[in-house]
Every structure is written in C-alpha cells, then in structure tokens.
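Attaching a single structure in structure tokens format; questions to follow.
The values are calculated or read from the model by the stated rules, or taken from the named source; none is laboratory data. Not measured: the values here are computed from a predicted model. Backbone-built Cβ (ideal geometry, glycine too); neighbour counts: all protein chains shown. All accessible areas refer to the heavy atoms of the entire protein, side chains included, with ligands and DNA or RNA removed. Shrake-Rupley method; radii C 1.70, N 1.55, O 1.52, S 1.80 Å.
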Amino acid sequence: MQRGKFITIDGVEGAGKSTQIDFICSYLAKKNINVILTREPGGTKLGEKIRELLLSIDTKLMDNDTELLLMFAARNEHIKTKIIPALKRGDWVLSDRFTDASYAYQGGGRGLSIERITFLERWVLQDFSPDVTLLLDVPVALGMLRIKSRIRKDRIELETNDFFNRVRDGYIKRSKQFPERIKLIDASQTLKETSQQIKVILQVL
Ligand code: Z5A
C-alpha cells in the first residue's frame, strides 16, 4: 500500500488555521482520501495531557527549556504512536501545527537556540518530515483583531505583540529555508481567497 501524505498547517494567532482545516478536510473527502485530523501540542492521550500543562495559565512561569522539551515529548509520542502508523496504513494526516511551530514560538518568540531545537528535531524526527506545510501568514495586528472577541486566552496567547512578531519572523525564516516544503499563504485575504491558494497546492500533492 502507498504511504499516505503528511500535511501540516501553521501560522500566528488568528491566521485562520481552524477555518482552513475544515476546507482541507472537505476537499480531501471529495477526493475520497481518508484524512486523520490531529494537532500539536496534543494528538494523543498523553500529548493532550502535556498540552494542558503547556497552555494552562496555572503554569505561567514555566521555564522556556521546559516548554521546548514538553513540545518535543508530546511530538515524539504523536509521531510514533499516531502519525507514522496512519501514514503506513495509507491514510493522510493533517496536523494543526507541527515542528515549525517550535522554531517559530520557542526559537523566534522565546529566543531559544536554534541549534538546540535542531538537535531535538533530529533526535525525535530523524529524517521524518511533512510532505507539505501550509504556512498561513498574516500581520500580527490583523490576526489579533480577528481573535479579539475571544474571552479566554491560554498561557501563550497572553504574550505580547512583540513576541508574536518574532514568532511571525521565525515562520517566514523557516519558509525561506525550506521553500519546497513550506508554502507561504497570504492569509490576510478573504476566507475564500485563502482557501483558493490552498486548493492550488493540494491539487498537485
Ligand atoms: N505551540 C508552540 O509554542 N510550539 C509548538 O511547537 C507547537 C505549538 C506545536 C496552541 O496552538 C499553542 O501552542 C499556540 C502555539 C503553541 N499558541 N498560541 N498562542 P493552537 O493552534 O491550538 O492555538 P492557536 O494558535 O491559538 O489557534 P487559533 O488562534 O485558534 O488560530 P487559528 O486557528 O488560526 O484561528 P481561527 O479560529 O481559524 O480564526 C480566528 C478568527 O478569524 C475566526 O473568527 C475566523 O472566522 C476569523 N478568520 C479566519 N480567517 C479569516 C479571513 N481570511 N478573513 C476574515 N476572518 C477570518
């Protein structure tokens, strides 16, 4: 059986990931492709418990290295027990965020050493990588405006605009480093126009 495709979607807050995930799932369903939707941090029973620790405002003062290590601990479980088995069965996997988020948030946002992140990436992923990453790019101010009405914010969402601007720069840097895999999508356009950009990419996968 042919291995399924692994798609990841990433971007700053309010870029529209959740909204475009619905579009991608229905597009693939129309093509009779079985897609497993998952997310990071999380995606497994253990990973979801780690997610709670990472996003809870009770753990506000978590050390930055602890945050990075927890992201990769959850990812290790996610890849080995969920993503790779699904791909081997021939299913496609769509992950709401993946390793690029660690480079953007923990590398760009928190200022952790990129070498250290790469070390963890090599350890956990070895040569495993998404087939394509849809990077929804939007100016931070616009993304924030879109999620303004959200009442409850998690630990990371409480960060400053400076933090999120560094995150955005981190993502853009990654897309320049891996232009074949990471497709930069202008998510400041309307929902329909953004979906259209994604459709063009999915059509050639
Ligand atoms: N994190 C990390 O630090 N390191 C890692 O390695 C990983 C993750 C894997 C959880 O992520 C947190 O984990 C995240 C990064 C960190 N931290 N933060 N903050 P998450 O993905 O679960 O949570 P999120 O980033 O908060 O997702 P989000 O805010 O829900 O973003 P979104 O999914 O892109 O937003 P949306 O719900 O699709 O859209 C927001 C609103 O905008 C909504 O009302 C839409 O209708 C509207 N929208 C969307 N697109 C448009 C367009 N094009 N026009 C107009 N309105 C739009």
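Quick test for you: out of Asp131, Asp154, pick the one residue that is more than 13 Å from the ligand (Cβ to nearest atom), of a type in the set (Asp, Glu) and within 17 Å of the chain's Cα centre (by Cα).
Asp131
Here's another thing I want to ask about it. Can you confirm whether Lys88 is more than 10 Å from the ligand (Cβ to nearest atom) and in contact with a Lys or Arg (Cβ under 9 Å, 6 or more places away or on another chain)?
So Lys88 passes the test.
For the range 1-46, give me the residue count where each residue is of a type in the set (D, E, K, R), within 13 Å of the chain's Cα centre (by Cα) and more than 7 Å from the ligand (Cβ to nearest atom).
Within the range 1-46, residues that are of a type in the set (D, E, K, R), within 13 Å of the chain's Cα centre (by Cα) and more than 7 Å from the ligand (Cβ to nearest atom) number 1.
Then there's this: Considering only residues that are basic (Lys, Arg) and free of Cβ contacts under 8 Å to residues at least 40 places away in the same chain, which ones fall in the range 172-196?
Hits for the range 172-196 are Lys176, Lys192.
Right, another one. For the range 1-32, how many residues are open to solvent by less than 40 Å² (accessible area, probe 1.4 Å) and assigned to a loop (DSSP other than H, G, I, E, B)?
Selection size over the range 1-32: 6.
Test Lys199 against the stated conditions and say whether it is basic (Lys, Arg), touching a residue at least 40 places away in the same chain (Cβ under 8 Å), within 19 Å of Asp96 (Cα to Cα) and exposed (fewer than 14 other Cβ atoms within 10 Å of the Cβ).
yes
Okay, next question. Does Pro85 meet the test of being closer than 23 Å to Leu125 by Cβ, modelled with pLDDT of 95 or more and either touching a helix residue (DSSP H, G or I) at 6+ places or on another chain (Cβ under 8 Å) or basic (Lys, Arg) (or both)?
When the stated conditions are applied, Pro85 does not pass them.
Return the only residue of Thr59, Thr118 being away from the ligand (no atom under 12 Å from the Cβ), of a type outside the set (Lys, Arg) and over 24 Å from Asp137 (Cβ atoms).
Sole residue among the options that is away from the ligand (no atom under 12 Å from the Cβ), of a type outside the set (Lys, Arg) and over 24 Å from Asp137 (Cβ atoms): Thr59.
When you check Ile79 against the structure, is it within 13 Å of the ligand (Cβ to nearest atom), within 30 Å of Ser113 (Cα to Cα) and modelled with pLDDT under 95, yes or no?
So Ile79 does not fit the description; no.
Is it the case that Gly47 is of a type in the set (Gly, Ala, Ser) and either open to solvent by 30 Å² or more (accessible area, probe 1.4 Å) or closer than 19 Å to Leu158 by Cβ (or both)?
Judged against the criteria, Gly47 is not a match.
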